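The values are calculated or read from the model by the stated rules, or taken from the named source; none is laboratory data. This one's a predicted model, so the numbers in the text were calculated from it and none came from an experiment. Please note: Cβ atoms are built from the backbone with ideal geometry, for glycine as well, and neighbour counts cover all protein chains shown.
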Ligand SMILES: Cc1ncc(COP(=O)(O)O)c(C=O)c1O
């Protein structure tokens, strides 16, 4: 039997990236002694009032079809949060609900590009990006965020990657895996390039609430006609599994997105939307909780790993991950990841999963229990000391 070309486009190396993580999960389910530091899903529970609201709405029978765009009150709450974060005032008509930021990214990609087009992004990138952005038939063009430049954008590199086929630039700030926050100046120069070459700029801000003050510099107010902002409750409210995300941009794009979302989602469950509204009513406290949780743990991880032979730590500006340069250990990041898991039962992500620029790095999540981080770091240190002893023989 034959399949569409799409099945090839969505089966990229993104899927391989998770190999060690899935092996670790399977080992954990078998009761083995493993420590999973590979994903950004902290063991924090959803705020209790949010859970209560969902249960209440379920009991009240909020189990019917809902508007494809999402309920107005929820879109208004998202618009208010967006104005606080970016300064851009939008109406609910410029907001649409999706099944997590991941779903919103795919909707944006499908609405903004197609066969024969090019979509720009930065390397390193979040591993779902290649398949998500190429699902439309567009070709992905990766602009390096060089490790030698601590993963900061070089606008000349971006400019040289733009061609007449370029349609859009997608990137995350704070970045994953880099944890860097694009500065207002970097963004202004990106915005100017986008205006000159008539590009869409799709900014993934799922970690924005974890940045200092709960916001990052934004282009949305300066370039409302071409900037699309993507967000979700996953990271900021510890609500990954609720799958509440959104896209904010010009109304005409939202109209197209609605048509697509009718094909692929047909409305988020009403009780989930009611819970999301409750969550957004207490964003300041929710974000503070996760921000402090991550802040305490990044400091702990830094203290525990500092001085470990063969590795160099890149402390993030925000987010849930630390990039660690393992080139000094004598292993490639793929070998480091596999051997660390095999010998010490610690799962981290091979930086190669995020692009060429992070080959030689591993990404370690600190969004975890302190005891697990402490033991995970002890094992990583032991592993690196063992490698150093072999090197010095
Ligand atoms: C940069 C980035 N974008 C999007 C997502 C997906 O977020 P969501 O759970 O809202 O779909 C993630 C999840 O880790 C991410 O790191």
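Can you say whether residue 252 is more than 16 Å from the ligand (Cβ to nearest atom) and touching a residue at least 40 places away in the same chain (Cβ under 8 Å), as far as the supplied structure shows?
Criteria not met by residue 252.
Regarding residue 340, is this residue closer than 20 Å to residue 389 by Cα and part of a loop (DSSP other than H, G, I, E, B)?
When the stated conditions are applied, residue 340 does not pass them.
Given region 4-90, what helices (runs of 4 or more DSSP H) lie entirely inside it while holding 3 or more residues that are in contact with a helix residue (DSSP H, G or I) (Cβ under 7 Å, 6 or more places away or on another chain) and either within 20 Å of residue 105 (Cβ to Cβ) or free of Cβ contacts under 8 Å to residues at least 40 places away in the same chain (or both)?
Ranges flagged: 72-86.
Of 388, 318, which residue is touching a residue at least 60 places away in the same chain (Cβ under 8 Å), outside any strand (DSSP E or B) and within 30 Å of residue 75 (Cα to Cα)?
Result of the check over 388, 318: 318.
In region 359-373, what residues are surrounded by 15 or more Cβ atoms within 10 Å (Cβ to Cβ) and in contact with a helix residue (DSSP H, G or I) (Cβ under 8 Å, 6 or more places away or on another chain)?
Of everything in region 359-373, those that are surrounded by 15 or more Cβ atoms within 10 Å (Cβ to Cβ) and in contact with a helix residue (DSSP H, G or I) (Cβ under 8 Å, 6 or more places away or on another chain) turn out to be 359, 360, 361, 362, 363, 364, 366, 367, 368, 373.
Here are 147, 136, 166: which of them is in contact with a helix residue (DSSP H, G or I) (Cβ under 8 Å, 6 or more places away or on another chain), crowded, with 16+ Cβ neighbours inside 10 Å and over 22 Å from residue 361 (Cβ atoms)?
136
Can you pull out every residue in region 13-40 that is within 16 Å of the ligand (Cβ to nearest atom) and out of contact with any strand residue (DSSP E or B) (no Cβ under 8 Å at 6 or more places or on another chain)?
14, 15, 18, 22
Answer with yes or no whether residue 11 is at negative phi and surrounded by 12 or more Cβ atoms within 10 Å (Cβ to Cβ).
no
Being within 23 Å of residue 298 (Cβ to Cβ) and either without any contact (Cβ under 8 Å) to a residue 12 or more places away in the chain or surrounded by fewer than 24 Cβ atoms within 10 Å (Cβ to Cβ) (or both) is the filter; apply it to region 199-235 and report the residue that is nearest to the ligand (Cβ to nearest atom).
234
From the list 332, 345, 352, 376, which residue is modelled with pLDDT under 95 and either within 13 Å of residue 36 (Cα to Cα) or assigned by TED's automatic domain parsing to the domain that holds residue 297 (or both)?
It is 352.
Condition check ((1) within 19 Å of the chain's Cα centre (by Cα); (2) in contact (Cβ under 8 Å) with a residue 40 or more places away in the chain; (3) within 15 Å of the ligand (Cβ to nearest atom)) across all residues:
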position	(1), (2), (3)
99	yes, yes, yes
107	yes, yes, yes
111	no, yes, no
118	no, yes, no
121	yes, yes, yes
124	yes, yes, yes
127	yes, yes, yes
136	no, no, no
139	no, no, no
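With respect to residue 310, is the statement that it is outside the structural domain of residue 172 (by TED's automatic domain parsing), away from the ligand (no atom under 16 Å from the Cβ), on the phi > 0 side of the Ramachandran plot and at pLDDT 95 or above true?
So residue 310 passes the test.
Looking at (1) outside the structural domain of residue 335 (by TED's automatic domain parsing); (2) at negative phi; (3) buried (at least 19 other Cβ atoms within 10 Å of the Cβ), find the lone condition where residue 70 falls short.
Tallying (1) outside the structural domain of residue 335 (by TED's automatic domain parsing); (2) at negative phi; (3) buried (at least 19 other Cβ atoms within 10 Å of the Cβ), residue 70 fails exactly one: (2).
Filter region 279-294 down to residues that are touching a helix residue (DSSP H, G or I) at 6+ places or on another chain (Cβ under 9 Å) and assigned to a helix (DSSP H, G or I), then give me how many there are.
11
Checking residue 318 against (1) in the same structural domain as residue 378 (by TED's automatic domain parsing); (2) loosely packed, with under 15 Cβ neighbours inside 10 Å; (3) within 16 Å of the ligand (Cβ to nearest atom), only one condition comes out false. Which one?
Going through (1) in the same structural domain as residue 378 (by TED's automatic domain parsing); (2) loosely packed, with under 15 Cβ neighbours inside 10 Å; (3) within 16 Å of the ligand (Cβ to nearest atom) one by one, residue 318 breaks only (2).
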